[in-house]
Amino acid sequence: MPPTLASLVHHTALKLSVLAGEDRLETPVRWAHVSELADPVPYMEGGELLLITAMKLDAEDPEEMARYVRRLADAGVVGLGFAVGVAYDEVPTALVAAAKQEGLPLLVVPRRTPFIAISKAVSAAIAADQYRAVTAGFEAQRELTRAAIGAEGPAALLARLAAHVDGWAALYDASGSVVAAAPD
């Protein structure tokens, strides 16, 4: 399972807290990206947790924050991490209001949590998810190979194949007649 905003919030070493978008924390995170651009959207693909300090933004301006957060949400950014103690001692209320308006999860990043720690946590979770998928694929291949060379016949192989693809499988002879199918 890919990392989610919830898994990052529950990561004890990161000490993140949520100010907006609590109902969207199960959203998968494809990457964590740091940008201080006033408009980072051209450099986003969607699915990112964007990490900012707002050094180049007037995060106390409600209109600017409404436009900024709307652009992020429209670009598919799944969450915004705001570092406190750098440019602002607290998350500005204009940013909180804009995030709530758009339903964009807004995470508070404490001063002692470096952005690289969040990026590493996301990267490690993605790598673990990919490792699980590859391992499961190899195990399925071994199981199907054993079934194919075993004495149980094509019905057992098709049953295992159907279970692995969470669907159905059928074997036809040259005339188009069903030899075996799973599930029946």
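The values are calculated or read from the model by the stated rules, or taken from the named source; none is laboratory data. These numbers were taken from a predicted model, which means no experiment stands behind them. Note that we place each Cβ from the backbone using ideal geometry, even for glycine, and neighbour counts take in every protein chain shown. Quick note on the areas: whole protein, heavy atoms, side chains included, nothing else; ligands and nucleic acids left out. Shrake-Rupley method; radii C 1.70, N 1.55, O 1.52, S 1.80 Å.
Of all the criteria given as (1) more than 26 Å from Lys120 (Cβ to Cβ); (2) of a type in the set (D, E, K, R); (3) open to solvent by less than 30 Å² (accessible area, probe 1.4 Å), the one not satisfied by Glu48 is (1).
Scanning segment 6-46 for residues that are of a type in the set (A, V, I, L, M), touching a strand residue (DSSP E or B) at 6+ places or on another chain (Cβ under 6 Å) and farther than 21 Å from Pro92 by Cα gives Val29, Ala32.
Cβ-Cβ below 7 Å, separation at least six or inter-chain, first residue in segment 93-114 and under 19 Å from Gly47 (Cα atoms), second at pLDDT below 95: which pairs? Listed pairs, sorted by first residue: none to list.
Kindly check whether there is at least one residue in segment 150-162 that is open to solvent by 90 Å² or more (accessible area, probe 1.4 Å), over 30 Å from Pro3 (Cα atoms) and either at pLDDT 85 or above or assigned to a loop (DSSP other than H, G, I, E, B) (or both). If you could, list the steps in order and put the result at the bottom.
Restricting attention to segment 150-162, the residues satisfying the condition of being open to solvent by 90 Å² or more (accessible area, probe 1.4 Å) are 151-152.
When the remaining residues are screened for being over 30 Å from Pro3 (Cα atoms), the result is 151-152.
Applying the additional criterion that residues be either at pLDDT 85 or above or assigned to a loop (DSSP other than H, G, I, E, B) (or both) yields 151-152.
The answer is yes; a qualifying residue exists.
When Ala75, Ala97, Ala87 are checked against the criterion of being in the same structural domain as Ile52 (by the TED database), within 22 Å of the chain's Cα centre (by Cα) and among the hydrophobic types (A, V, I, L, M, F, W, C), Ala75 stands alone in meeting it.
Test Val69 against the stated conditions and say whether it is more than 20 Å from Thr113 (Cα to Cα), at pLDDT 95 or above and of a type in the set (A, V, I, L, M, F, W, C). Don't jump to the end; show me each part of the working.
Working: more than 20 Å from Thr113 (Cα to Cα): yes; at pLDDT 95 or above: yes; of a type in the set (A, V, I, L, M, F, W, C): yes.
Considered against the rule, which asks whether it is more than 20 Å from Thr113 (Cα to Cα), at pLDDT 95 or above and of a type in the set (A, V, I, L, M, F, W, C), Val69 comes out as yes.
Being in contact (Cβ under 8 Å) with a residue 12 or more places away in the chain and either within 18 Å of the chain's Cα centre (by Cα) or open to solvent by less than 50 Å² (accessible area, probe 1.4 Å) (or both) narrows it down to one residue among Ala140, Ala124, Ala128; which is it?
The conditions single out Ala140.
Of the residues making up segment 22-31, one or more are part of a loop (DSSP other than H, G, I, E, B), polar (S, T, N, Q) and under 18 Å from Leu5 (Cβ atoms). Scanning segment 100-115 for residues that are part of a helix (DSSP H, G or I) and either over 20 Å from the mean Cα position of the chain (by Cα) or within 13 Å of Ile52 (Cα to Cα) (or both) gives Lys100, Gln101, Phe115.
Just give me the residues in segment 59-94 being open to solvent by 70 Å² or more (accessible area, probe 1.4 Å) and not polar (S, T, N, Q), in sequence order. So that I can check it myself, show each step before the final result.
Looking only at segment 59-94, we keep the residues that are open to solvent by 70 Å² or more (accessible area, probe 1.4 Å), and these are 60, 62-63, 67, 70-71, 74, 89-90, 93.
Result: Glu60, Pro62, Glu63, Arg67, Arg70, Arg71, Asp74, Asp89, Glu90.
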